[in-house]
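The values are calculated or read from the model by the stated rules, or taken from the named source; none is laboratory data. Because the structure is a prediction, the values reported are computed rather than measured. Glycine gets a Cβ as well: all are built from the backbone with ideal geometry, and neighbour counts include every protein chain shown. Accessible surface areas use protein heavy atoms only, side chains included; no ligands, DNA or RNA. Shrake-Rupley method; radii C 1.70, N 1.55, O 1.52, S 1.80 Å.
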Amino acid sequence: MPERDYSSVPLAKKLGLLTTKPEQREIVLIGAPPGFRETLGDLPALTFRTRLSPKTALVLCFVRSLQDLDSVIDMLVSSLPREASAWIIRPKTHHKPGFNENHVRDAALPHGLVDYKICSVDEDWSGIKFAWRKELR
């Protein structure tokens, strides 16, 4: 199967921000680097927050260490609405963060979060998208 080139796809589309339903317009940014919101472009139909609520549709969590990862997993387990999904975004391995995508999966899977999409956010960050297992929704 030929490899697909997603380099020209806008980041907001890769992350699923352009396909949210009208009733699912609340996006939460956790730990985003300075200027990240601006890289997404003009998205007037979306509401960006820094805390989860029952209306949260999608969460973008930036983690920089295993300690950050543990904190984010704890927060998602206790507060992520059952219909919502979450991107866990980590530094790419060339930054030598001390953990990789396997650590992210190993932290999330035992709690009922399953991964179903991966995305290169930019030259520094890579993300894995998670949702609750069907039987937990």
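Answer with yes or no whether L29 is modelled with pLDDT of 95 or more, surrounded by 15 or more Cβ atoms within 10 Å (Cβ to Cβ) and either touching a strand residue (DSSP E or B) at 6+ places or on another chain (Cβ under 8 Å) or basic (K, R) (or both). Judged against the criteria, L29 is a match.
Hey, any hits in the stretch 58-75 for a residue that's under 17 Å from L11 (Cβ atoms), among the β-branched types (V, I, T) and open to solvent by 50 Å² or more (accessible area, probe 1.4 Å)? No; the residues of the stretch 58-75 include none that is under 17 Å from L11 (Cβ atoms), among the β-branched types (V, I, T) and open to solvent by 50 Å² or more (accessible area, probe 1.4 Å).
Checked across the stretch 99-116, the condition of being open to solvent by 10 Å² or more (accessible area, probe 1.4 Å), more than 23 Å from L40 (Cα to Cα), among the small types (G, A, S) and assigned to a helix (DSSP H, G or I) holds for at least one residue. Every condition in (1) under 20 Å from P10 (Cα atoms); (2) hydrophobic (A, V, I, L, M, F, W, C); (3) open to solvent by less than 20 Å² (accessible area, probe 1.4 Å) holds for A45 except the one numbered (3).
Taking first residues from the stretch 50-62 that are among the acidic types (D, E) and partners that are loosely packed, with under 10 Cβ neighbours inside 10 Å, no Cβ contact under 9 Å between residues at least 6 apart in sequence or on separate chains turns up.
Here L11 meets the list (1) under 20 Å from E101 (Cα atoms); (2) at pLDDT 95 or above; (3) of a type in the set (A, V, I, L, M, F, W, C) almost entirely, failing just condition (2).
Within the stretch 126-137, does at least one residue satisfy the condition of being under 15 Å from F62 (Cα atoms), open to solvent by 60 Å² or more (accessible area, probe 1.4 Å) and modelled with pLDDT of 95 or more? Even if it seems obvious, please write down each step before you answer.
Just the residues of the stretch 126-137 that are under 15 Å from F62 (Cα atoms), to begin with: 126-130.
From what is left, the residues that are open to solvent by 60 Å² or more (accessible area, probe 1.4 Å) are none.
No, that holds for no residue.
Taken over the stretch 38-62, the criterion of being closer than 16 Å to D124 by Cβ and touching a Phe, Trp or Tyr at 6+ places or on another chain (Cβ under 8 Å) is satisfied by L60, C61, F62. Pairing each residue of the stretch 73-91 that is more than 21 Å from E101 (Cα to Cα) with any residue that is at pLDDT below 95 and open to solvent by 20 Å² or more (accessible area, probe 1.4 Å), provided the two are 6+ apart or on different chains, yields C-beta distances under 7 Å for P81/P54; R82/L136; R82/R137; E83/R137.
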